[in-house]
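Enquirer: Below are the structure tokens for one structure; questions will follow.
Rule-based calculations on the coordinates, nothing more; no lab input. The shown structure was predicted, so the numbers you read here are calculated from the model rather than taken from an experiment. Every residue, glycine among them, receives a Cβ derived from its backbone with ideal geometry; neighbour counts consider all protein chains shown.
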Ligand SMILES: [Fe+2]
């Protein structure tokens, strides 16, 4: 029986011998102890491979550009204590003034549709599965290709695994149903294209025994709230917050995770396997800067916001790290990772949820190769043209693919007889062979030789790291800046479509806070007494007030959905981790192929490589690559012009959201109303403003924070 893996390894060794290649350590970025992906610590079969041995130079780069940013802003200096802590407190104070004790702004149905169907959360829109069709009571004709509407769901069934929440906090799986006219003039949410149809809320079964054993959430038909019938109900009011809570957790622990972690295998193996002179190494390296330590710090850092068992004031989540980390497998293994313990008898069907497909490396922004047949593309929100956000992300893909395709032509044809070209391609095969063992769907040593495949693979790496990553962050920061995102909910999910939601002050605030409230009022009364004012009020009324305050009933719109401290923690997380802080930009990051050998040492090394027959780029090739970079910049500028004028002002002007918070700086005021990042500061945004915008509002070179 043939062993494909052993076959390639033997082939690789023999080809190297035949080509007379015997590498020296200094041909590699990391001659020893190079980074290499390994099975993930938490869910070896559920999570992308992770890189633990972070090279010291990369760790130092992280400390200088990222670690320092965290300490300076979270802890602060002697003269400027915790700038972000202060900003977060101010944010919570402003919110209290604006939204009262409720804590979160009221979400109208229009706002809700805008949040779910445009911007960052529009990523979640997917086609319905059979269980959704049944749950929402749709007819097969509704989903037929000639139906007048296209139906989509925004699925937060994943929240079924977050069961052990912090005391007094609640979470709940939900699913939203929306539709838009097929082939209609209106495509996007801001044009009014989407109609909100229904929200399904899950229910914890009765008589769940105490303990940590998972229970199976049920989605009963009586908890399907429809916009037509239930939009004035208390349950509908609360259901929208539980959807947004699910969305905030889903983006943090599933969909943005897909942007960060699977490419680590490509990152580490590009640096470890491909020699420094290799064009693929030189093309990708600037887009990998800082990512290995960033990702390692998120997963394993002592002060991570998802530290497994400790909590820090910048962790906004509804449960301890170990509990919310249960969401990770949805990003890699997909919904099928969890079996009947969470799904019950329908595990097989529910595990094939099209909102959470198993990860497969895609070379097409429009979707992912199908799990059953990789030749069939399963379209994502970009492929289905669901939102302006999707269209924005896609608009940057063609220039990247063109630049990468043209640049990689310098390697030569895989069929070339030139030994230098053969060495370069042999290493590409070696690289693809190792990565394909770890990333499902990544082309192997044979697949990578198909025409254009290497360029498509590399373009996807760059587009994902630079464009998708930066855009996810600016849009999330815009969202958190304009209205509080309900990570924490301190009211239970609705359990009936008709019931009112009422709570006493005592139970809404809990014993500690209502104790503070009572003692605060008692202090005020004492002061009034001292000043002789108390007599002016009916004594009995005052005494009764103190007695009864805990029993006052609050309706659903008055109940504190969260505490001000919850808002502070979310704001801390936003300022530290969601608001972008780029170190280098896609537009002008440095590629090694653009510069000539500078020092004597570099020149000597290059001479040795040339003497050894390595495919070192010639002066002519470098000249051509510099020209390609210039054309690339011009193509990127042309895309940017669709969104931003030359002076940097948005083509679609800001709508001037009154909730905008400028407590630390005004970066978001320079972006369009969707929060799409700009390629680079405009001509009217020079000096300090330009530097701030490069850091916080532009498309970074890669995953750098
Ligand atoms: Fe990120």
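Enquirer: How would 54, 610, 699, 273 line up from fewest to most surrounding beta-carbon atoms within 10 angstrom?
Expert: Result, fewest neighbours first: 610, 54, 273, 699.
Enquirer: Could I ask something else about it? Measure nothing fancy, just the Cα-based angle from helix 619-640's long axis to the longest principal axis of the chain, in degrees from 0 to 90, nearest 10.
Expert: Approximately 30 degrees, to the nearest ten.
Enquirer: Only counting other Cβ atoms within 10 Å, I'd like 292, 625 sorted with the fewest neighbours first.
Expert: 625, 292
Enquirer: Between helix 234-250 and the chain, what is the angle of the helix's C-alpha long axis to the longest principal axis, kept within 0 to 90° and rounded to the nearest 10?
Expert: 30 degrees
Enquirer: Sticking with this one: I need two numbers for the stretch 1-150: Rg to one decimal and Dmax as a whole number, Cα atoms only, in Å.
Expert: 27.8, 76
Enquirer: Name the residues of the stretch 444-470 whose amide N is less than 16 Å from a point 7 angstrom out from the Cα of residue 12 along the C-beta direction?
Expert: In the stretch 444-470, the label zone of residue 12 (backbone N under 16 Å from the point 7 Å along Cα→Cβ) covers 444-449.
Enquirer: Rounded to the nearest 0.05, what FRET efficiency is calculated for residue 185 and residue 111 with R0 set to 22 Å and r the Cβ-Cβ distance?
Expert: Calculated value: 0.45.
Enquirer: May I ask you to give the average projected area over all directions of the convex hull of the Cα atoms of the stretch 100-233, in nm² rounded to one decimal?
Expert: Taking a quarter of the hull surface, the average projection is 10.2 nm².
Enquirer: In whole Å, how far is the Cα centre of the stretch 110-154 from that of the stretch 192-257?
Expert: After rounding, the separation between the Cα centres reads 15 Å.
Enquirer: Antiparallel as a % of all DSSP beta bridges within the stretch 164-256, to the nearest 5?
Expert: Expressed as a percentage, antiparallel bridges in the stretch 164-256 total about 100.
Enquirer: Still on this structure, I have one more. Given 0.36 nm per residue, what is the gain on full extension from residue 75 to residue 669 after removing their alpha carbon distance, in nm?
Expert: Extra length from residue 75 to residue 669 when fully extended: 211.2 nm.
Enquirer: Quick check of the Kirkwood formula: for the stretch 560-705, what is the inverse mean of 1/r over all pairs of different Cα atoms, in Å?
Expert: Evaluated on the stretch 560-705, it is 18.4 Å.
Enquirer: Mind sorting 304, 407, 470 by how few other Cβ atoms lie within 10 Å of their own Cβ, fewest first?
Expert: The most exposed by this proxy come first: 304, 407, 470.
Enquirer: Where Rh is the Kirkwood radius over the Cα pairs of the stretch 261-418, the temperature 25 °C and the viscosity 0.890 mPa s, what D in µm²/s does Stokes-Einstein return?
Expert: The Stokes-Einstein estimate is 128 µm²/s.
Enquirer: What is the calculated FRET efficiency for residue 364 to residue 555, with r their C-beta to C-beta distance and R₀ = 41 Å, to the nearest 0.05?
Expert: 0.25
Enquirer: Tell me the Kirkwood radius of the chain: reciprocal of the mean inverse pair distance over distinct alpha-carbon atoms, in Å.
Expert: 27.5 Å
Enquirer: Considering just Cα atoms, how many Å³ per residue does the convex hull of the stretch 48-112 enclose?
Expert: Enclosed volume per residue, from the Cα hull, is 179 Å³.
Enquirer: Mind checking the angle between helix 469-482 and the chain's longest principal axis? C-alpha axes, 0 to 90 degrees, to the nearest 10.
Expert: The angle comes out at about 20 degrees.
Enquirer: Where does the chain land at 222 nm, in deg cm²/dmol rounded to the nearest 500, when only DSSP H runs of n ≥ 4 count, each adding -39500 (n - 2.57), divided by all residues?
Expert: After summing the helix terms and dividing by the residues of the chain, the value is -12000 deg cm²/dmol.
Enquirer: Still on this structure, please answer the following. In the chain, what percentage of the DSSP-assigned beta bridges are antiparallel, given to the nearest 5?
Expert: Antiparallel: roughly 95 percent of the beta bridges in the chain.
Enquirer: With a cut-off of 20 Å, note down the residues of the stretch 30-58 whose backbone N falls inside the zone around a label point 7 Å from the Cα of residue 612 toward its beta carbon.
Expert: Only 30-35 fall inside the zone, counting backbone N under 20 Å.
Enquirer: Once each part is reduced to its C-alpha centroid, what is the distance from the stretch 18-38 to the stretch 380-411 in angstrom?
Expert: The stretch 18-38 and the stretch 380-411 have Cα centres separated by 32 Å.
Enquirer: I've got another one for you. Over the C-alpha atoms of the stretch 354-407, what are the Rg and the largest Cα-to-Cα span, Dmax, in Å?
Expert: Cα-based Rg and Dmax for the stretch 354-407 come out at 12.4, 36 Å.
Enquirer: Express in nm, to one decimal, how much length is gained between residue 212 and residue 195 on full extension, taking 0.36 nm for each residue of separation and deducting their alpha carbon distance.
Expert: So the extension gain works out to 2.2 nm.
Enquirer: Given contacts defined as C-alpha pairs under 8 Å and at least six residues apart, what's the relative contact order of the stretch 66-124, whole-number percent?
Expert: 14 percent
Enquirer: Something else: Would you mind checking the radius of gyration and Dmax of the stretch 289-365 based on alpha-carbon positions, in Å?
Expert: Final numbers for Rg and Dmax: 15.5, 46 Å.
Enquirer: What is the packing order of peptides 427-434, 230-237, 244-251, taking the mean over residues of other C-beta atoms within 10 Å and listing the highest first?
Expert: The peptides rank, most packed first, as 244-251, 427-434, 230-237.
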